[in-house]
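The values are calculated or read from the model by the stated rules, or taken from the named source; none is laboratory data. Given the structure is predicted, the values throughout are model-derived calculations rather than measurements. Every residue, glycine among them, receives a Cβ derived from its backbone with ideal geometry; neighbour counts consider all protein chains shown.
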Amino acid sequence: MLYSVKNGSLEISADTFGAELHSVRLDGKEYLWQCGDAWKRYAPVLFPFVCSPKDKSYKADGKVYKMKANHGFARDCEFEFVKADDNAVEFVLKDNDDTRSQYPYAFEFTVRYSVKGNSVTVENIVKNTDDRTMYFYLGGHPAFNCPMNEDEGFEDHYIEYEKDEHIVDGAGNLLEECAKVLDVTRKLFDNDAIIIDKPNSKAVSLKSRRSSHSVTVRYPQSECIAVWSPTGDDRAAFVCLEPWTSVPVYADDEFEDIEKKPHAISLPAGEIYSYSYEIEVR
């Protein structure tokens, strides 16, 4: 079920299914990709994995578990609506028989969207309700319209990092040795996502060369930022700006046991982990 929040000229909507953001509109202009044949998502929440371990399989407490899908299960779960007001909407997912078949821990996972000015703050809050330490990865996957305007093309846009970055593609090919700007082209994504581990920047933007419209994602807590769009598909009129807590889980495939995966967040029993990022539209 969709819930909407409007504060001034900014309006958002989010669904109980996946606690997924479905719309970000400023002065009536939509900035979020509205699903479609090229990619049937809007802005999925990634938990308890970012991407997938090898064969979607891993061990916890010495037992083998297997994820049903990429990026964990949260994006395909029905969340419980908690509350909404003029500024925010909140959902929660609790462990159940289906999650425990893929992931053995007891938890409460809260997703909260709040609006102020022309920005949306996305909060992900994990509470360990188990009697042991739990391990997980966490991230966002919002897709933004590209082109941003009807009279623009996909390649009229560019990515701008807050600071100079060493940028390589998914195959390890060097794109920029020390630069802030990447031109958006279909070819840019031939080798999948552009992933920067431990970026210098704490913000990245999608901007148009033909208008003043832009989207900026600020990620003060993230240790990794990804930029992605499907390659070679002109129907994919979007670019994803993805803040992650760390590199994806497959980077830790050398360690089959989740307790040993170096980039997994470890959360002791009864503790809470809070992770947030901000989407600003202009």
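Output yes when any residue across the stretch 244-259 is loosely packed, with under 15 Cβ neighbours inside 10 Å and within 28 Å of C35 (Cα to Cα), and no when none is.
Scanning the stretch 244-259, I find at least one residue that is loosely packed, with under 15 Cβ neighbours inside 10 Å and within 28 Å of C35 (Cα to Cα), so the answer is yes.
This table checks each residue for (1) of a type in the set (G, A, S); (2) under 29 Å from T133 (Cα atoms); (3) in contact with a Ser or Thr (Cβ under 9 Å, 6 or more places away or on another chain).
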position	(1), (2), (3)
L10	no, no, yes
A19	yes, yes, yes
D27	no, no, yes
E30	no, no, yes
F47	no, yes, no
N96	no, yes, no
E108	no, yes, yes
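Given the conditions (1) outside any helix (DSSP H, G or I); (2) of a type outside the set (S, T, Y); (3) surrounded by fewer than 17 Cβ atoms within 10 Å (Cβ to Cβ), and given that A19 satisfies all but one, which numbered condition is not satisfied?
Answer for A19: the failing condition is (3).
So that you can scan it fast, the table gives a plain yes or no per residue for (1) closer than 16 Å to T110 by Cα; (2) within 18 Å of the chain's Cα centre (by Cα):
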site: K127; (1), (2): yes, no
site: R132; (1), (2): no, no
site: F144; (1), (2): no, yes
site: H157; (1), (2): no, no
site: E165; (1), (2): no, no
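Can you tell me how many residues in the stretch 35-76 are of a type outside the set (G, A, S) and touching a residue at least 40 places away in the same chain (Cβ under 8 Å)?
The number of residues fulfilling the criteria is 21.
Those residues that are in a loop (DSSP other than H, G, I, E, B) and either modelled with pLDDT of 95 or more or crowded, with 17+ Cβ neighbours inside 10 Å (or both), I need them from the stretch 150-169; list them, please.
Going through the stretch 150-169, the residues in a loop (DSSP other than H, G, I, E, B) turn out to be 150-153, 169.
Within the stretch 150-169, E152, G153, D169 qualify.
Per-residue answers, yes or no, for (1) of a type in the set (F, W, Y); (2) over 16 Å from P53 (Cβ atoms); (3) part of a strand (DSSP E or B); (4) touching an Asp or Glu at 6+ places or on another chain (Cβ under 7 Å):
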site	(1), (2), (3), (4)
A226	no, yes, yes, yes
A236	no, yes, no, no
S266	no, yes, yes, no
A269	no, yes, no, yes
